[in-house]
Amino acid sequence: MTGKLPFEALSVETLATRLSTNEALCAKIGKDASAWKVREVGDGNLNLVFIVEGASGGAIVKQALPYVRLVGDSWPLPLKRSFFEYHALTRQEARAPGSVPAIYYFDEVQALIIMEYLSPHIILRRALIEGRQLPNIARDIGLFMARTLFRGSDLSMVTKERKADLALFADNVELCDITENLVFSDPYFDAKMNRHTSPQLDGLVAELRADRDLKVEAQRLKHLFTANAETLLHGDLHSGSIMVTDQETRMIDPEFAFYGPMAFDVGMLLANFWMSFFSQRGHEQKGMRDAMRAYLLDVVVETWAVFRTEFSHLWRTERTGMLYQKSLFEDQGDRLGAEQALDHVLHQIWTDLLGFAGIEVHRRILGLAHNADFETIADEDLRASCEAKALKFGRHIAVNRRQIHSIDEVNNLAALIEQENSI
Ligand code: SR1
Ligand code: MG
């Protein structure tokens, strides 16, 4: 396949023939394409994902489709998201080495990325639904977020390079548009593609949509998302975008990458741990998930602690960008001034992440794109009860985010809501 042929979607039947002369793929898995085994494993909302295995190994072939896979060709979506994914992966690898799959090949016209086949990794969301406690995820994800968010910002980058990169990713318009509508607006009115567990949640949904403070907060967060081009975000950092083994953690799928507020990735990620927490009751047998719930709250605490520690370390050792220059602080003997500014920046991330987390919870229960944590709870009354608690939690942290001062406070709230009998 060359970049000159017009785009054509791959299939299990055509992949081996079409990629048989691809040198990068042949070098990785073996030249004899007739021996390749191809499986389509994409379970996301947008793309095709193939595992291709040959005589000497395996690789992932990921291809964008010209529409939203979840909805069909009535919702066109540009192929260029593959370009943004490729460029985000190269930056993430440079800024947080070893945290993303290795890239073997990229074809812009075919919207195709050939990359490392992570095995025996599974999707983090699946592991959490199964009740598996992964020992390293908090450390690995906390480091990934601190390193990519700090090193992609004006705290670290050469201004001219950052502005050029910002211009490049500013063209990821359609994927931002998905987030702007699906995350920040649709959950709060009767949008066409919304769905929720009905009739069980009808009353609560009506209540949330009539909640003026919540709607205003969601729009303030949307404003922040669109206007605060602070750093290169992953843009869709949920537990379905992370692959794990007991030892290893890799972030995948940054096709929503763009320059936005640091707190967005952190908030979205923590929201997925809290949703996992509220969904555990739907997956437990005879109270067997108490330890899992405690583990999830510990993961939240540790992720935030690792993020803060690494971010602070980078602040003290790599603050070479145009913001909060050392020439104004350390070079003047004012180390405390630099620490005061760091506190301010971390506090802003904290306040905003709570807002982003709250609305991420809402959109996964009220909007188009639900998550398997709740969706795989077959008993609808039980599912609705888990979802109702999560909705209540999400509302509280979004609306009261400026009055919440510690991660323990948030976890205590989650634990209290989980214990309530009335929902
Ligand atoms: C139509 S796309 C819906 C969702 O899937 C992606 O994974 C993003 O989370 C997006 O919001
Ligand atoms: Mg994705």
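For this structure, a couple of remarks:
- The label-point distance for residue 227 and residue 415, in a model that sets each label 7 Å from Cα toward Cβ, rounds to 3.8 nm.
- Comparing 292, 322, 275 in a Gaussian network model of the chain (Cα springs below 10 Å), the most mobile by mean-square fluctuation is 322.
- With every protein chain in place and a 1.4 angstrom probe, the accessible-area ranking of 38, 299, largest first, reads 38, 299.
- Shape of the stretch 229-331, Cα gyration tensor, a/c cut at 1.5: prolate
- Taking all protein chains as they are arranged and a probe of 1.4 Å, the heavy atoms of residue 315 leave approximately 0 Å² accessible to solvent.
- Around the Cα centre of the stretch 84-171, unit charges on the Cβ atoms of Lys, Arg, Asp and Glu (plus for the first two, minus for the last two) sum to a dipole of about 440 debye.
- Per-residue SASA entry for residue 360, accessible area with 1.4 Å probe, Å² rounded to 10: 0 Å²
- Projecting the Cα atoms of 323, 296, 225 onto the charge dipole of the chain (Cβ charges, centred on the Cα centre) puts 323 farthest toward the positive pole.
- Value of [θ]222 nm, deg cm²/dmol, for the chain, DSSP H segments ≥ 4, -39500 (n - 2.57) each, nearest 500: -16000 deg cm²/dmol
- Fluctuation leader among 371, 272, 400 - the chain, Gaussian network, Cα springs under 10 angstrom: 400
- Relative contact order of the chain: 17 percent, from C-alpha pairs under 8 Å at least 6 residues apart in sequence.
- Loop sites in the stretch 161-201: GluC sites (Glu not before Pro), DSSP, at most 10 other Cβ within 10 Å: none
- Rounded percent of accessible protein surface that carbon and sulfur make up, the chain, 1.4 Å probe: 52 percent
- Surface listing: 80, 286, 389 arranged by accessible area from highest to lowest gives 286, 80, 389, probe 1.4 Å.
- Label-point separation, residue 202 to residue 325 (7 Å along Cα→Cβ), nm: 6.3 nm
- Whichever lysines have a C-alpha closer than 21 Å to that of residue 286, once near sequence neighbours (fewer than 8 apart) are set aside: 389
- When each of 62/192; 31/80; 28/80; 160/222; 80/160 is checked by Cα-Cα distance, pairs over 32 Å: none
- Other residues with beta-carbon under 15 Å from the beta-carbon of residue 308 carry, at +1 per Lys or Arg and -1 per Asp or Glu, a net charge of -4.
- Longest to shortest principal axis, alpha-carbon extents of the chain, angstrom: 63, 61, 38
- Ligands, DNA and RNA are left out, and with a 1.4 angstrom probe the accessible area of the chain is 42 Å² per residue.
The values are calculated or read from the model by the stated rules, or taken from the named source; none is laboratory data. Here the structure is a predicted model, which means the values were calculated and not measured. For neighbour counting, all protein chains shown are included, and Cβ atoms are generated from backbone atoms with ideal geometry for every residue, glycine included. Only protein heavy atoms, including side chains, enter the accessible area calculation; ligands, DNA and RNA are left aside. Shrake-Rupley method; radii C 1.70, N 1.55, O 1.52, S 1.80 Å.
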